[in-house]
1. Within region 92-101, how many residues turn out to be out of contact with any Phe, Trp or Tyr (no Cβ under 7 Å at 6 or more places or on another chain) and either buried (at least 19 other Cβ atoms within 10 Å of the Cβ) or more than 26 Å from residue 149 (Cα to Cα) (or both)?
2. Please go through (1) crowded, with 18+ Cβ neighbours inside 10 Å; (2) polar (S, T, N, Q); (3) not in a helix (DSSP H, G or I) for residue 261 and return the number of the only condition it doesn't satisfy.
3. Restricting to region 118-168, name every residue that is among the hydrophobic types (A, V, I, L, M, F, W, C), within 23 Å of residue 98 (Cβ to Cβ) and over 28 Å from the mean Cα position of the chain (by Cα).
4. Exactly one of (1) open to solvent by 10 Å² or more (accessible area, probe 1.4 Å); (2) touching a residue at least 12 places away in the same chain (Cβ under 8 Å) is unmet by residue 85. Its number?
5. In region 94-101, is there at least one residue being closer than 30 Å to residue 39 by Cβ, under 22 Å from the mean Cα position of the chain (by Cα) and not hydroxyl-bearing (Ser, Thr, Tyr)?
6. Taking the criterion of being modelled with pLDDT under 95, under 30 Å from residue 309 (Cα atoms), crowded, with 16+ Cβ neighbours inside 10 Å and of a type in the set (Lys, Arg), would at least one residue in region 8-29 satisfy it?
7. Restrict the check to region 232-251 and report whether at least one residue is within 30 Å of residue 169 (Cβ to Cβ), open to solvent by less than 60 Å² (accessible area, probe 1.4 Å) and assigned to a helix (DSSP H, G or I).
8. Only one residue in 128, 132 is more than 30 Å from residue 380 (Cβ to Cβ), hydrophobic (A, V, I, L, M, F, W, C) and surrounded by fewer than 17 Cβ atoms within 10 Å (Cβ to Cβ), so which one is that?
Amino acid sequence: MASSFSTRPLLLCVIGITLLLGSEATPLSAQPTRLSAESEVSMVTILPGDPVYSMFGHSALRVHDPVQNIDRLYNYGTFDFSDPLFIPKFAYGHLRYFLSVVPYQRALRAYEQQRRPVLEQTLNLTRAQRTALFRGLQVNARPENRYYQYVFFFDNCSTRVRDVLEQALGDAVQFGEQPRPDATFRHMLDPYAANLPLVDLSFDLALGTPADRRATPREAHFLPDYLFEAFAHATVQSGDTTRALVAQTDTTQWIDGYEATPAAFPWPLAAGWTILFLTLGWTGWQATTGRRPDGYGDALLLAAVGVTGLLACFLWFVSTYAVTEHNWNLLWAWPTHLIAATVLLWRPSATGLRMYLAATAVSATVVTLGWTWWPQDLHAAVFPVVLTVGIRTGWRAIGGAGPRDAGVRER
């Protein structure tokens, strides 16, 4: 699958995305409309790779007909990097993917260069069913049909594979009852970000409470691993005969030493606690030496938190993403902290600043005390940061925000 959560996030991360491999140029009018008896259709699962856009893996469909010299990969996870408005569109949530059609061996070489294993599930379809699916893919590949609005959890390169199969075969294909994933959408992403701590943090900062709902078995298909398992347990019917959807599973390409998500040092969490301990030492030194709080460090802290809140507000109120709404990170990441940081530097004695800082300290205290009770799962690295904000704003509210804040020692 490609990337990213339509999840805006992530971010910056966000969210992943797939390699633009280039489309096959054969005119649709010149393509056959019926597959031969020797043809095969397979679902291809590409395991996660190192680039962020490939962190969740990918799903596609292969149509192989040696009689008609057809061997193509139909890839719903393609997007155009050359679009000069790509970044603004991504941030706003207007990210259009499209179905590309590429020679299978070319795609396989590209995934080999990325050191990504490839698994193939040959589908147990009749010739008529294979032809119906092939025709559906041809229709989807037309210029007027190939583009779609990418929605990370609900309409992506994996779910499109399932959908085109169901559209071609109707009720003949059944995915049946599968165990409900014992995880929320947010937690389902965690294993794939185990080696990308910053991406994991970005997801949790950007996603709101919609990501904290447990996914249904069908909704879990947005991840290629879950779609792979769904295909393995699905059935297909032809006449009065019901059989397994997958006739054969093969490892088409394996990479020696491959490890999908090697554990990485959780440096955002370590950085958060380091900042907290340094803050405790700094604040304690100021308190014991009679020094008033200085403005520069606190202004930087408030500005960083304010930017986080501003981004969260943008994703909730401006972008078209649904999964970034109702973001409880705004309990501690107030966008107004940007204004407070500016006032702290240029007008530290401004009326109301001390009251604002006191309110910030109280809010930070409430967030930490209710940490396990909030309806949204906040990232562990945020906890020490919230404590840091509470300590510094509380100290400033108590110690004063007068004109001698710039490290002047009282005598």
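The values are calculated or read from the model by the stated rules, or taken from the named source; none is laboratory data. Keep in mind it's a predicted model, so treat the numbers as computed, not measured. We place every Cβ from the backbone using ideal geometry, glycine too, and count neighbours over all the protein chains shown. Heads up: the accessible areas ignore ligands, DNA and RNA and are worked out on the full protein's heavy atoms, side chains in. Shrake-Rupley method; radii C 1.70, N 1.55, O 1.52, S 1.80 Å.
1. If we filter region 92-101 for residues that are out of contact with any Phe, Trp or Tyr (no Cβ under 7 Å at 6 or more places or on another chain), which is where we start, we get 92, 94, 100.
With the extra rule that they be either buried (at least 19 other Cβ atoms within 10 Å of the Cβ) or more than 26 Å from residue 149 (Cα to Cα) (or both), the set shrinks to 100.
Selection size over region 92-101: 1.
2. Condition not satisfied by residue 261: (1).
3. Taking region 118-168 and keeping what is among the hydrophobic types (A, V, I, L, M, F, W, C), we get 118-119, 123, 125, 128, 132-134, 137, 139, 141, 151-154, 157, 161, 164-165, 168.
Okay, now just the ones that are also within 23 Å of residue 98 (Cβ to Cβ), so 118, 132-134, 137, 139, 141, 151-154, 157, 161, 164-165, 168.
Result: 132, 133, 134, 139, 168.
4. (2)
5. Yes: region 94-101 contains one or more residues that are closer than 30 Å to residue 39 by Cβ, under 22 Å from the mean Cα position of the chain (by Cα) and not hydroxyl-bearing (Ser, Thr, Tyr).
6. Pass one, region 8-29, residues modelled with pLDDT under 95: 8-29.
After this cut, where a residue has to be under 30 Å from residue 309 (Cα atoms) as well, the list is 8-18.
In the following step, the residues that additionally are crowded, with 16+ Cβ neighbours inside 10 Å were identified as 8-18.
From what is left, the residues that are of a type in the set (Lys, Arg) are 8.
For region 8-29, residues modelled with pLDDT under 95, under 30 Å from residue 309 (Cα atoms), crowded, with 16+ Cβ neighbours inside 10 Å and of a type in the set (Lys, Arg): present.
7. Yes, because at least one residue in region 232-251 is within 30 Å of residue 169 (Cβ to Cβ), open to solvent by less than 60 Å² (accessible area, probe 1.4 Å) and assigned to a helix (DSSP H, G or I).
8. Values: 132 fails: surrounded by fewer than 17 Cβ atoms within 10 Å (Cβ to Cβ).
The conditions single out 128.
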